Structures are given as C-alpha cells and as structure tokens.
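**Q** Mind having a look at this structure? Questions to follow.
Read-outs throughout are calculated quantities, based only on the coordinates presented, and are distinct from any laboratory measurement. This one's a predicted model, so the numbers in the text were calculated from it and none came from an experiment. Methodologically, a virtual Cβ is constructed for each residue, glycine included, from the backbone with ideal geometry; neighbour enumeration extends over all protein chains shown.
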Amino acid sequence: MAEETTNSIIAKILVALESLIPIYIQNPIDEKIANGNVAVCIIDENGNVQGKMYGTNKAKSRQIYKIAWTKASQVWLTGIKTGEYEQLVFNKIIEENSNGIESPDLIGWEGGQPLILPDGSVLSVGFSGFRGVVDLEIMEKALTIAIN
C-alpha cells in the first residue's frame with residue numbers, strides 16, 4: 001500500500017478512536033484503570049511510528065503511551081498479539097529472546113495486535129488504558145470505521 005494511503009488510514013483510525021473512547025470510558029471498570037487517559041501507538045511495515053495520547057493528565061498519558069509503544073513494538077518484532085506471544089514464551093514454544101525481546105521488556109498484557117489492511121499490509125498497534133480485551137476491541141472497531 002502506498003505510504004500516503006497507509007497514513008490516511010492511520011489518520012482515520014485516530015479520528016475513529018476519538019469517537020469510540022467516550023463510549024468505552026462509560027464503563028466504570030475501564031474508566032478507573034487510567035482515569036480516562038489512554039494512548040495508541042501504530043507502527044507501519046516501514047517502521048514509521050504514529051500515535052496519540054488522549055486525556056488530560058500529561059504524566060499519566062505519557063506512562064500509558066509507553067505501554068502502548070511497548071505493545072506495538074513487540075507486535076512489530078513478532079507479528080503476534082502480545083498476550084499470545086507471552087503464552088508462547090512461557091510455555092517454551094518460542095525462546096524468550098528469539099525476536100530480540102527479553103524480560104523485563106516482554107509484555108504479556110493484551111492490547112498489542114497486528115491489524116491487516118485491505119491490501120494485506122500490516123499495522124502493528126498497541127492500545128493502552130482500558131482492560132486488555134477492550135484495548136484489542138477498540139482498535140479493531142477503529143480500523144473497521146477507518147476503512148469503511
């Protein structure tokens with residue numbers, strides 16, 4: 001996919017998140033995790049990084065973005081969702097440092113995943129600030145909105 005088109009889809013994902021976050025934050029469990037401060041990090045196949053922090057607490061947003069970046073960069077290295085990769089490592093199906101990731105840099109929390117674009121190219125994404133299952137879901141919904 002042309003870089004311009006990839007960037008256009010990423011921009012649409014970021015806009016979609018702005019409309020989805022207020023919906024998800026209505027769940028008291030998710031709101032309590034980071035008090036409304038959430039972040040996304042997106043790495044394209046060429047290693048270009050884009051992201052955004054949402055919320056009003058800059059220090060908390062910075063901390064949450066660091067987690068989102070760690071999730072996205074792990075997916076970029078492995079091609080595998082973060083929670084699934086941790087299971088593979090700890091069950092000794094994959095060697096811990098086989099992809100250049102060693103503890104404590106290995107992140108097992110859900111929220112990092114590859115997203116496949118219509119042309120087959122892959123975005124490695126990390127979202128953080130809600131429960132892991134929600135971090136995954138919100139990114140899938142944002143992509144669906146962006147490409148439709």
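**Q** In Å, what is the Rg of the alpha-carbon atoms in the chain, and how long is Dmax?
**A** That works out to 14.7, 41 Å for Rg and Dmax.
**Q** Per DSSP H run of n ≥ 4, the term is -39500 (n - 2.57); total these for the chain, divide by its residue number, and report the mean residue ellipticity at 222 nm rounded to 500 deg cm²/dmol.
**A** Estimated from H runs of four or more residues: -16500 deg cm²/dmol.
**Q** For the range 97-138, how big is the tail of P(r) above 13 Å, as a whole percent of Cα pairs?
**A** Numbers: 527 of 861 pairs.
In whole percent, the long-distance tail amounts to 61.
**Q** If you place +1 on the Cβ of every Lys and Arg and -1 on the Cβ of every Asp and Glu, how big does the dipole about the Cα centre of the chain come out, in debye to the nearest 20?
**A** Charge dipole, the chain, about its Cα centre: 600 debye, nearest 20.
**Q** State the answer as a single residue: which of Ala142, Ile94, Tyr54 lies farthest towards the positive end of the charge dipole of the chain, with beta carbon charges of +1 for Lys and Arg and -1 for Asp and Glu, about the Cα centre.
**A** With unit charges placed on the Cβ atoms, the residue in question is Tyr54.
**Q** What per residue convex hull volume, in Å³, do the alpha-carbon atoms of the range 21-74 yield?
**A** Hull volume normalised by residue count: 80 Å³.
**Q** Let me ask another. Ranking request for peptides 87-100, 123-136, 29-42: highest mean number of other beta-carbon atoms within 10 Å first, then the rest in descending order.
**A** On the way: 87-100: 12.6, 123-136: 23.6, 29-42: 20.0.
With the highest mean Cβ count within 10 Å placed first, the list reads 123-136, 29-42, 87-100.
**Q** Specify the inter-centroid distance of the range 20-85 and the range 100-148, based on alpha-carbon positions, in whole Å.
**A** The distance from the Cα centre of the range 20-85 to that of the range 100-148 comes to 8 Å.
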